[in-house]
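The block underneath contains the structure these notes are about, expressed in structure tokens.
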Amino acid sequence: MPSALPSTQRVLTFQADSKTVALETIPLDKPGPGQVLIKNAAVAQNPADCAFSLFSSTIAVPDIVRVTGKVIDYGMLSAGQGMGWDFAGRIVALGEGVTDNKIGDRIAGCHIPVNSVKTVQNAFCEYTLAAVKPLLRIPDSITDEEASTIPLASLTALHLLNIISGIPKRAPLGGRAFLIWGGSSSVGQFAIQLAHIAGYKVITTASPKNHAFVKSLGAAVAIDYRAPDVLEQIVAASGWGGVDYVFDAICEGNSAELASKTLRKGGPRKVALANQLDLNNLNQSVDYYHGVPSALLNDDLNIGGVYRPRNRTDFDLAIDFFENAAGWLEEGRFKPNPVTVHPGGLSGIQDGLDFMKAGKVSGSKLVYRVADTPA
Ligand SMILES: NC(=O)c1ccc[n+]([C@@H]2O[C@H](COP(=O)([O-])OP(=O)(O)OC[C@H]3O[C@@H](n4cnc5c(N)ncnc54)[C@H](OP(=O)(O)O)[C@@H]3O)[C@@H](O)[C@H]2O)c1
């Protein structure tokens, strides 16, 4: 490891009171074979981080289905564990056998905190250890803050779109309608773009203040999800008597139930859910799918009674996607989420978690500049 690197670093950990997070100092790890050490410039916050900060590991996953409007399906963290999924920064050390990357490369990626063996394998750290694949090369045209918005949300969108419709495979000739419920959410923004790039007519729901924005991402039609005739508007906009596919990027209230009513008769009738829901309450003539992009990250995941083994197909999907995305970002054909930089660096995350839990995030991603962390 180059001598310029410090011997310790600060990381955010989940506290024993099951409510708070705090900074602690730990020794700086060296990258192992096939790994790189990244000095994080920016880290992004996801709803899953809120879930972790609310509960202790003594609460069984099936018992925590719906709290503060966020459905939790990722599992729990124990006191002292690190946190955070999305990071962006520069490579500062290479592990044995790493040849495709070099010191100084700007990259973004994500971790699954419940799977992290070491604290450094989380995003809310000054330095993060990561496997070399899949990592997103950050083009000069976007900032580290913007890049940190991409990994988890875009891989979630890709994974769920792929399960129900085969995206990135192109839409059938003549196109088909795809409903993205919650298009201004972080995941929804990437789902709009991916479905649009694949050739679908994208219909989305969002608050009216975000309509121009979601259209700029590729949605042909934007509809207020609070409108009493939201379903009629979606079906009319489809042009085919209903949509072929639905991606519910929200899964709150009765969004999945409503969205599935817009599927056309005789179509594939498939709905992807960003969160796990009780399917007994939903339309039984529809096929519902839920997923977590763990296999895209070349990881196994075993939570909530569901085992998701890694597989080469999903891993390759993520590698190919990140390669394509770097080019699309450079060309301006693919956009990161707008960012809201929350003050205080890693020390500001406690406050940011409360901000998100209060439902104040709209159309942008909460991001922290690691250098803003007070000494
Ligand atoms: N399966 C996975 O692996 C995975 C990974 C990441 C996230 N998720 C889940 O995906 C969901 C979205 O995450 P995110 O990070 O994208 O969320 P987010 O950006 O924090 O979501 C905020 C957005 O939600 C929209 N919204 C809120 N209620 C809505 C409703 N009833 N209908 C339509 N839109 C609504 C708001 O739209 P307006 O401001 O326009 O009203 C706002 O822009 C979360 O529940 C998260 O847990 C799952």
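Brief remarks on what is shown
- Number of residues in region 271-289 that are in a loop (DSSP other than H, G, I, E, B), in contact with a helix residue (DSSP H, G or I) (Cβ under 8 Å, 6 or more places away or on another chain) and either surrounded by fewer than 20 Cβ atoms within 10 Å (Cβ to Cβ) or β-branched (Val, Ile, Thr) (or both) equals 3.
- When restricted to residues that are within 14 Å of the ligand (Cβ to nearest atom), modelled with pLDDT of 95 or more and farther than 18 Å from residue 193 by Cβ, region 234-254 contains 1.
- Extreme residue, farthest from residue 234 (Cα to Cα), among residues of region 133-184 that are assigned by TED's automatic domain parsing to the domain that holds residue 310 and over 19 Å from the mean Cα position of the chain (by Cα): 140
- Residue-level check: of (1) farther than 20 Å from residue 287 by Cα; (2) within 19 Å of the chain's Cα centre (by Cα); (3) more than 9 Å from the ligand (Cβ to nearest atom), residue 277 misses just (1).
- Of the criteria (1) within 14 Å of the ligand (Cβ to nearest atom); (2) over 19 Å from residue 149 (Cβ atoms); (3) part of a loop (DSSP other than H, G, I, E, B); (4) touching a residue at least 60 places away in the same chain (Cβ under 8 Å), which one residue 268 fails: (1)
- Residue satisfying condition, being away from the ligand (no atom under 16 Å from the Cβ) and out of contact with any Ser or Thr (no Cβ under 6 Å at 6 or more places or on another chain), within set 143, 149, 156: 143
- Condition check for residue 123 on (1) part of a loop (DSSP other than H, G, I, E, B); (2) within 23 Å of residue 184 (Cα to Cα); (3) within 15 Å of the ligand (Cβ to nearest atom): one failure, at (2).
- Complete set of residues in region 126-141 that are surrounded by fewer than 22 Cβ atoms within 10 Å (Cβ to Cβ) and outside any strand (DSSP E or B): 132, 133, 139, 140, 141
- Flag for residue 220 being without any contact (Cβ under 8 Å) to a residue 60 or more places away in the chain and aliphatic (A, V, I, L, M): yes
- The lone exception for residue 251 - which of (1) part of a loop (DSSP other than H, G, I, E, B); (2) of a type outside the set (Val, Ile, Thr); (3) in contact with a helix residue (DSSP H, G or I) (Cβ under 8 Å, 6 or more places away or on another chain) it fails: (3)
- Screening 233, 189 for residues that are outside the structural domain of residue 328 (by TED's automatic domain parsing) and farther than 17 Å from residue 363 by Cβ leaves exactly one candidate, 233.
- Applying the criterion of being touching a Pro at 6+ places or on another chain (Cβ under 9 Å) and of a type in the set (Phe, Trp, Tyr) to the residues of region 309-331, the residue that is surrounded by the fewest Cβ atoms within 10 Å (Cβ to Cβ) is 315.
- Evaluation of residue 184 against (1) more than 9 Å from the ligand (Cβ to nearest atom); (2) at pLDDT 95 or above; (3) part of a loop (DSSP other than H, G, I, E, B); (4) of a type in the set (Gly, Ala, Ser) (one fails), failing number: (1)
The values are calculated or read from the model by the stated rules, or taken from the named source; none is laboratory data. As the structure is a prediction and not an experimental result, all values here were calculated from the model. Every residue, glycine as well, gets a Cβ built from its backbone with ideal geometry; the counts of neighbours run over all protein chains shown.
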